[in-house]
Amino acid sequence: QSIDIAHQNMKKGKLFINRGTVENSQINRSPFSYLENPASERSRYSSNTDKEMVMLKMVDENGQDLGLISWFAVHPVSMNNTNHLVNSDNVGYASYLFEQDKNKGMLPGEGSFVAAFASSNLGDVSPNTKGPFCINTGESCNNPQSTCPVGGATMCMAAGPGNDMFDSTRIIGQNIYLKARELYEKASQEVTGPLSSAHQWVNMSDVSVELNATHTVKTCKPALGHSFAAGTIDGVGAFNFTQGSVEGDPFWDEIRDQLLGEPSNETKACHKPKPILFSTGEMTRPHPWHPDVVDVQIAAIGSLAIIAVPGEFTTMSGRRLREAVKKEFDSHGTPRMDVVIAGLCNVYTHYITTYEEYQVQRYEAASTIYGPHTLSAYIQLYRGLARAIATNTVQDLPHGPEPPVFTIGNITLVPPLIADRAPVNKTFGDVLQEVRQQYQARDVAEVTFVGANPRNSAENATEHNFLTVERYANSSDSWDVVQNDASWDTRFYWTKGLLGRSNVTVEWHIPHGTEPGVYRIRYFGHYKKKLSNTHALSVPFEGTSSAFEIT
């Protein structure tokens, strides 16, 4: 539906490019891996993360604002893995702020201006700028294994700049937004010239890479290493896995052998020094666990080349790729190209580290699924695409092997929806816990309703809104919607009870500067009603709080 709407709204316009530095918004979460890269290479850069934001401003023929897309390397993990709310994290908040600024008087998700914040080479980049600390003792765990003296790796977590994860999301998101707005307002360099793109399918488990005249190496069948299970300082794993494992663990290897089968000697040798936890390239039931056939793609708009990469390149991997592509354009008569990496495009293939980072096997390296020469293979492939665009020979590029198409059928790991039930003498949408009569800015207005599973609504309506905050307008004797479920200040909690019963609590964290007046909170849901053993119906309902005053 989004694609349809965008397609119907296409219009002629102009593009402007700008770039600038975003400060205080990222750290390298695997600094010890980064240090494995050659000192001569590291000395060319002032930081172990890429701080540059590249921004494309879009206006129509009359110069009216249409929107922007910006690329910046940071993981949207300011909300850590204890968070159970659906939200779009730091870059989502940046987008929200920009769109609220441009679509004046509109609710989030409405209005014509679109601000897109896209990812780049964010593989080893975290927004949790205070760095890793042991959550039990408070001491730093910034060590090669990210472990704590008491409790091991599971205690080592990074924190953002705020008082809690919501506050950190807000701070990092605002930093990104403010830089984007500044770049947008000052963008004057127009992007003009021809439009071209090159795309290729490639079997990434079998690429021969020519390192130099005498040396050829190969990629491997996909596999994940032991440190994959350790997670990162942004979201730790379970059990006793640690980052930087270059040896397997006999206990877990034995369980793996019994459940999933032992990796072949060929795969083990190819991935060295990675100890293989899951040999996903050799796991095919009920479908292959990882892709072999992957797409590589470059889109060029005038002097801008967008490298669409199928995963998460680390800082140094991204630098090497950008440099190689730029060189390729330079040497084939298209100098001065702006080269940007668009991360996480097309199919997902986890992480891509440099060969040197791969040797120490932290999380990103353990998740470099095609082995130690993955980056070199991609560089070779993207150079080929760049050369084809530069020499106008895209039509001669081999199409590559067709990717397989799977009919997943009705395999699902999501539990089936059961019929919803309301308590005795109550109905769906009834208020169980009422709002207070009066609030001030910075208070939290809270109301609890008899609820139903929100999945009913998600499966029934593409554009469902779960809640509104409404303000009473005297002049028209009506209620105006001022916030919805996408607003930063509202939160929607679903609490599951027994036998199909559940509650919904809506919170409104009343922001500073809220206009005094009379307000109410509404909840919109669907409950599932069983008609027979095979048929069920989803019935829409709503609930409304009492009116309350903000003074």
Quiz item: When only C-alpha pairs under 8 Å and at least 6 residues apart count, what is the relative contact order of the range 1-77, in percent?
Solution: 37
Quiz item: Isolated Cys in the chain by the 4.7 Å beta carbon test?
Solution: CYS345
Quiz item: Using Cα pairs under 8 angstrom and six or more residues apart, how large is the relative contact order of the range 44-111, in percent?
Solution: 19
Practice problem: At 0.36 nm per residue, minus the direct Cα-Cα distance, what do ASN346 and ALA238 gain on full extension? Give it in nm, one decimal, please. | Solution: 35.9 nm
Quiz item: Here are some pairs, LYS130/LYS272; LYS11/LYS104; LYS218/LYS268; LYS426/LYS528; LYS104/LYS130; LYS12/LYS186; which of them have Cα atoms lying more than 24 Å apart in this structure?
Solution: LYS130/LYS272; LYS104/LYS130
Practice problem: For ILE27, enumerate residues with amide H under 5 Å from its amide H, sequence gap 5+ or separate chain, H modeled in the peptide plane. | Solution: SER126, ASN128
Quiz prompt | Inter-part distance where the range 68-134 and the range 434-484 are each reduced to a Cα centre, Å | solution = 24
Quiz prompt | Longest to shortest principal axis, alpha-carbon extents of the range 168-324, angstrom | solution = 61, 46, 35
Quiz item: Can you give me the relative contact order of the chain as a percent, contacts being Cα pairs under 8 Å and 6 or more apart?
Solution: 13
Quiz item: Ignoring the sites themselves, what is the longest stretch of the chain with no trypsin sites (Lys or Arg not before Pro) in a DSSP loop and at most 10 other beta-carbon atoms within 10 Å?
Solution: 105-335
Quiz item: Cα centroids of the range 371-425 and the range 264-292: how far apart, whole angstrom?
Solution: 18
Quiz item: In the chain, if every C-alpha pair distance is counted and binned at 20 Å from zero, what percent goes to each bin?
Solution: 18, 48, 31, 3, 0
Self-check item: DSSP-defined beta bridges in the chain - what % are antiparallel, rounded to 5
Solution: 85
Quiz item: Calculated from DSSP H runs of 4 or more alone, at -39500 (n - 2.57) each and per residue, what is the 222 nm mean residue ellipticity of the chain, nearest 500?
Solution: -6000 deg cm²/dmol
Quiz item: Any idea what the dipole of the chain comes to, in debye rounded to 20, about its Cα centre with Lys/Arg Cβ at +1 and Asp/Glu Cβ at -1?
Solution: 140
Quiz item: Contour minus end-to-end for SER546 and ASP477, with contour as 0.36 nm per residue of separation and end-to-end as the Cα-Cα distance?
Solution: 23.2 nm
Quiz item: Tilt of helix 89-102 relative to the longest C-alpha principal axis of the chain, in degrees (0 to 90, nearest 10)?
Solution: 60
Quiz item: Along the three principal axes, how long is the range 398-534 when you take its alpha carbons, biggest first, rounded to the nearest angstrom?
Solution: 62, 53, 28
Quiz item: Of GLN433, HIS509, SER376, which is farthest along the charge dipole of the chain in the positive direction, counting Lys and Arg as +1 and Asp and Glu as -1 at C-beta?
Solution: SER376
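We did not get these values from a lab; they are worked out from the coordinates using the rules stated. The model shown is predicted, which means the values in this text are computed figures rather than measured ones. Every residue, glycine as well, gets a Cβ built from its backbone with ideal geometry; the counts of neighbours run over all protein chains shown.
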